[in-house]
Structure formats: C-alpha cells, structure tokens
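Below you'll find the structure, written out as structure tokens, and then a few comments.
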Amino acid sequence: MKTPLIGLCRHRLTTDGQGVTTLVAFHGCPLRCKYCLNAQCLRSDGVWRRMDALDILNEVMVDDLYFKATDGGITFGGGEPLLRSDEIVGFCKLRPVEWRIYIETSLNVERRHLEAVAPYIHHYFIDVKDMNPDIYHRYTSIDNTHVIENLRWLAEHEDFSKVTIRLPHIPNYNTAEDIAHSREQLEKMGFFDFDCFEYITPNGV
Ligand code: SF4
C-alpha cells in the first residue's frame, strides 16, 4: 500500500538516533497541538509523495554506507509514524539488518501499533507533552489515555535504556511544577532518560 509522506531528510547527525540517520516523515497525526511545527502533516494538501516500503527502501538506500559506518539508520517521524505500523514493519523486514531503527512518537495510538513495531525499534523518542490529562487535552485536543497505557506497556516489555522521554515546557499550557510532576510519575514507572526543553511557539509567545 502506498503511504502518504511529508518528506525525507538525509544526513542528520545525532539529532535523534546515533550516527547518520535519514528521517522518514509520515503524513497524518491524531493530535492537534496548538504549536504544531509540522502543520503540513495535518493538511490534506500537505502530502509530499506516496510510497510503499520498497519505494522508501530504494530512496534511502543511497546512504547505506553512511548508516553502516556510523551505526546510523532510519528515524521514523511525522506526523505520527505509529499510525503507519504496517509500513514500518514491512520496511524493517526489507532493510539491511545493520541499519538501526529509531522512532519519534507521541504514543497516542492503539496498542497494536506499538506491539507490531517494537521488535524492530532500537530507540524510542517519546514526546509525552504533559502527563496531566487536563493540560494534555487543552494542548492537543485529545486525551492521553493511550499514551499512559502505552508507556505502561513499554515499561513492562522494553529496556528503559531504549527510551528517551521528551518533557517540553509548553508556554501558556504547563509550568516548571507541572513538568516536575510529570517527571516524577514517569520515574516511578522506571523511565530515567529525559529530554527537557522549551517548545518554540509560532508567534514567539
Ligand atoms: S504530535 Fe507533532 S505533528 Fe502531531 S499535531 Fe502535535 S506537533 Fe503536530
């Protein structure tokens, strides 16, 4: 099946994943974040190309040597890449096994998507926004039930060293105290690698 993408980005160095990576960015996302920087993944006219797993492999194969020499590989992002779990699994079965697979996700999807890709993922970068359901809903327009359930599943089934949790300060939505509270909840679950940073807002507010 041909899947809509918003773009491919080559020659990324240690941004999210080790070595040289190519970002494969899928169209579509269940969230509606107020400060979304990838708004094209939400618009019907934001599709760059439609590709199946083999098309993507053929496109990214040009950097095979870089991936192998640097322990790099592919980062799936978007949009929400876990919505495309079938295509990710198809791609992972085709790609050279030396390539590492990274994923940038909100985890706000049905569990089956996470379970399907988990055997292939070397590292997860999870943007949880905020663990507080009210803050999360105000910022994304949907609830975070799937996020919490999928975090629990990861805590039971994955090595914590494979997970980086992104905890942003979201201007006008959460505070340093909220972030500390989210972190405390996540630490109780066993997660220990946190990336705390400031969201860039469209108007710099
Ligand atoms: S999760 Fe990312 S792509 Fe989706 S709406 Fe939020 S910022 Fe945009």
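The values are calculated or read from the model by the stated rules, or taken from the named source; none is laboratory data. None of the values given here were measured: they were computed from a predicted structure. Note that we place each Cβ from the backbone using ideal geometry, even for glycine, and neighbour counts take in every protein chain shown. Just the protein is used for accessible areas: all its heavy atoms, side chains included, with ligands, DNA and RNA removed. Shrake-Rupley method; radii C 1.70, N 1.55, O 1.52, S 1.80 Å.
Annotations
- Only residues that are surrounded by 15 or more Cβ atoms within 10 Å (Cβ to Cβ), more than 16 Å from the ligand (Cβ to nearest atom) and not small (Gly, Ala, Ser) were counted in the stretch 9-28, giving 5.
- The set of residues in the stretch 43-69 that are more than 23 Å from VAL89 (Cα to Cα) and of a type outside the set (Lys, Arg) comprises SER44, ASP45, GLY46, ALA69.
- Residue match in the stretch 76-83 (condition: closer than 27 Å to ASN172 by Cβ, within 16 Å of the ligand (Cβ to nearest atom) and free of Cβ contacts under 8 Å to residues at least 40 places away in the same chain): no
- Positions within the stretch 40-75 being more than 16 Å from the ligand (Cβ to nearest atom), hydrophobic (A, V, I, L, M, F, W, C), open to solvent by less than 80 Å² (accessible area, probe 1.4 Å) and within 22 Å of LYS2 (Cα to Cα), in sequence order: MET51, ALA53, ILE56, LEU57, VAL60, MET61, ILE74
- Candidates LEU37, LEU31, LEU5: the one that is open to solvent by less than 10 Å² (accessible area, probe 1.4 Å) and part of a loop (DSSP other than H, G, I, E, B) is LEU31.
- The stretch 103-142 - residue that is buried (at least 19 other Cβ atoms within 10 Å of the Cβ) and polar (S, T, N, Q) and, of those, nearest to the ligand (Cβ to nearest atom): SER106
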